[in-house]
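**Student:** What follows is a structure written as structure tokens; I'll ask about it next.
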Amino acid sequence: MGHSDGDHGSDLSADDSPWSEGSWSDDDDEGSLSFEDSGEGSDAESDEPDAPAVEESDSSEDEVAPRNTIGDVPLEWYKNEEHIGYDITGSKIKKRDREGRIEAYLRNADDAKNWRKIYDEYNDEEVQITKEEAKIISRLLKGKTPHTNVDPYPDYVDWFEYDGKGHPLSSAPEPKRRFVPSKWEQKKVVKLVRAIRKGWIKFDKPKEEPNFYLLWGDETDTADNKRQGLSYIPAPKPNLPGHEESYNPSVEYIPTQEEIDSYQLMYEEDRPKFIPRKFDCLRSVPAYEKALREGFDRCLDLYLCPRTRKKRINIDPESLKPKLPSKKDLRPYPRTCYLEFKGHNGPVKSLSVEATGQWIASGSSDGTIRVWEVETGRCIKVWNVGGVVHRIAWNPSPDRHILAAVVDHDLLLLNAEVGDEDAQMKTKGLLQIEELAQEEDNGDKKPAVKWVKHEKFDGIMLIHHKVYDLQKAQLVKKLESGVREISSISIHPGGDNVIVGSKDGKLCWFDTDLSTRPYKTLKNHSKDITNVTFHRKYPLFASSSEDCTAYVFHGMVYSDLNQNPLIVPLEILRGHSSSDGRGVLDCKFHPRQPWLFTAGADSVVRLYCD
């Protein structure tokens, strides 16, 4: 039974409860109810004329049959159903929409009688109690009788009357049998003693402990060794004597004189500790000359050598390996070297693949930038920029064939001169800058950067005058890699996962939705990792290192947040040779195909395909 508004709480005290027996009124017309109750009966009712008593009827016609006809079936069975039961005709009784707390509070404020409404879970309806039922409930909550005309403490009526009721029932003295030993109990004891003596009654014999013990057994289970505190670790047992230690061994165990002479030529640690000898009887066996020395060494082993208990578990090593899918099911991925791009005279430090995947650009420490055709391996353009090319990148727009290169300390934008004529004209229009008139030098500060026309190539160059701090931005999340020095970073196309390469050969996979610490740390390379990269289309990522290898991994990120990413190592790509202790300097995926480009210190660019 509960209130429909749910605001009164579960603690119904005498002061704040609506069932309190204080002054409360309920008139049929005005909606107010009032009555006074002292707990000892209603005095007002005694003053009024006797009202005609209401006769209780035993007929079932006055009882209202329940609307729900499911019987004693638990209502929890209908918890997830749209109906709560069935009526007498067998039709489903639909559940009504339960109002919220706000609607119940407003209804309670508008209707003064709302607090008398209770919810019937069995029939799924609200029932309003009457004034008489409210009085009964109020008295029951206070621990009183339901009706006011009942006296809970009536006067005691003694139904039995007898003479001398002020004395005990009997004043007779205690009988002798209560403090004299019983004759019949004595006879029973004598009878049991006679039966025990004649063997008619037999008792269980106590268990006798065996007077023998296991001579060469383990002493860990004995009661003397079960100490409190640290566990008892027994001393290691020496090996049991075999046939060689017998005083009368077989002929095959006795070495010949040549074998004994050969023992003298062996190193002391390789010589046998005991040489078998044959005696006629045990009385002829002399004393062991090394007994004292070996006994002393044995005592040192027992007293001075620390011992630890190691529990060995028999586990199949194959069962500890994670169950990974087969490589055949994860194809395609780059496996073999398909093409080599040769032409640089120094280490190739950077690669970049054009958005359509038709051309690839490479920058080298020999001061040249080359553009290659991917399908044929033909070099179609060469720029000699006269400085070390640290990084190179294509414009991500496929209609604007512009190359950005970091040469020494400057940024250079070049027209790649590839594609159709319309695309080349648009590219040239973007790279044109107007010559500004030289302003008079009045001591004003120079601008931080300045774009100038390159004197030799079709492009523009950014010249730095001063260095300024970037605009401060809010820190969103800080990832703790735990590595020595980060060398490269790549973000998954989904944006929620990041891989980080370090100069100590570790690759860290971060799931930014899971934690700020690495989800997986892979230690595959023996030297510094130079670059890591994700594929835009396929679930692949790769890492290159100065150990002349490139690793290809399968990295599947699921849309279900409860499922962790699947990381499977697929292939180790080799082929580059080391130059001045350096190996593979950069790696990039093809934007549309499962191909991987690698740039090495041996001045060669390689293409690996499936």
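A short reminder: the numbers here are calculations on the coordinates, not readings from a lab. Keep in mind that this is a model prediction, so the values were computed, not measured. Glycine also receives a Cβ, built like all others from the backbone with ideal geometry; neighbour counts cover every protein chain displayed.
**Student:** Using Cα centres only, tell me the gap between segment 487-524 and segment 537-585 in whole Å.
**Tutor:** 12 Å
**Student:** Out of the chymotrypsin sites (Phe, Trp or Tyr not before Pro) in segment 267-302, which ones are loop residues according to DSSP with at most 12 other C-beta atoms within 10 Å?
**Tutor:** 267, 274, 288
**Student:** While we're on this one: So if each residue of separation counts as 0.36 nm, and I subtract the Cα-Cα distance between residue 204 and residue 256, what length gain in nm does that give? Mind dumping the intermediate values first?
**Tutor:** Values: separation 52, 0.36 × 52 = 18.72 nm, distance 6.48 nm.
12.2 nm is the gain from fully extending residue 204 to residue 256.
**Student:** Could you tell me which GluC sites (Glu not before Pro) in segment 264-304 are loop residues by DSSP with no more than 16 other beta carbons within 10 angstrom of their beta carbon?
**Tutor:** 268, 269, 289
**Student:** Largest first, please: the extent of the C-alpha atoms of segment 91-142 along each principal axis, to the nearest Å.
**Tutor:** 38, 29, 16
**Student:** Going down the table (95/117; 426/478; 328/477; 323/349), which pairs top 30 Å between alpha carbons?
**Tutor:** Working: 95/117 18 Å; 426/478 41 Å; 328/477 38 Å; 323/349 38 Å.
In this structure, 426/478; 328/477; 323/349 exceed 30 Å between Cα atoms.
**Student:** Rounded to the nearest 20 Debye, what is the dipole magnitude of segment 91-142 about its Cα centre when Lys and Arg each give +1 and Asp and Glu each give -1 at the C-beta?
**Tutor:** 180 debye
**Student:** Quick query: amide H of residue 610 versus all other amide H atoms, modeled in the peptide plane; which residues come in under 5 Å with a sequence gap of 5 or more or a different chain?
**Tutor:** Placed amide hydrogens put 335 under 5 Å from residue 610.
**Student:** Charges at C-beta only: +1 for Lys and Arg, -1 for Asp and Glu. How large is the resulting dipole of segment 515-610 about its Cα centre, in Debye rounded to 20? Provide the component values of the computation, followed by the final result.
**Tutor:** Details: 11 positive and 9 negative charges, 51 e Å.
Computed about the Cα centre, the dipole is about 240 debye.
**Student:** Separate question: Would you mind computing, in nm to one decimal, how far apart the modelled labels at residue 245 and residue 430 are, each placed 7 Å from Cα along Cα→Cβ?
**Tutor:** 8.9 nm
**Student:** Another question about this same structure. In whole Å, how far is the Cα centre of segment 241-288 from that of segment 97-147?
**Tutor:** When both Cα centres are located, 104 Å separates them.
**Student:** Whole-Hz ³J(HN,Hα) for each residue in segment 265-281, computed from phi via Karplus 6.51 cos²θ - 1.76 cosθ + 1.60 with θ = phi - 60°, x for glycine and proline: what do you get?
**Tutor:** 7, 7, 5, 5, 6, 8, 6, x, 6, 9, 10, x, 9, 10, 10, 6, 8
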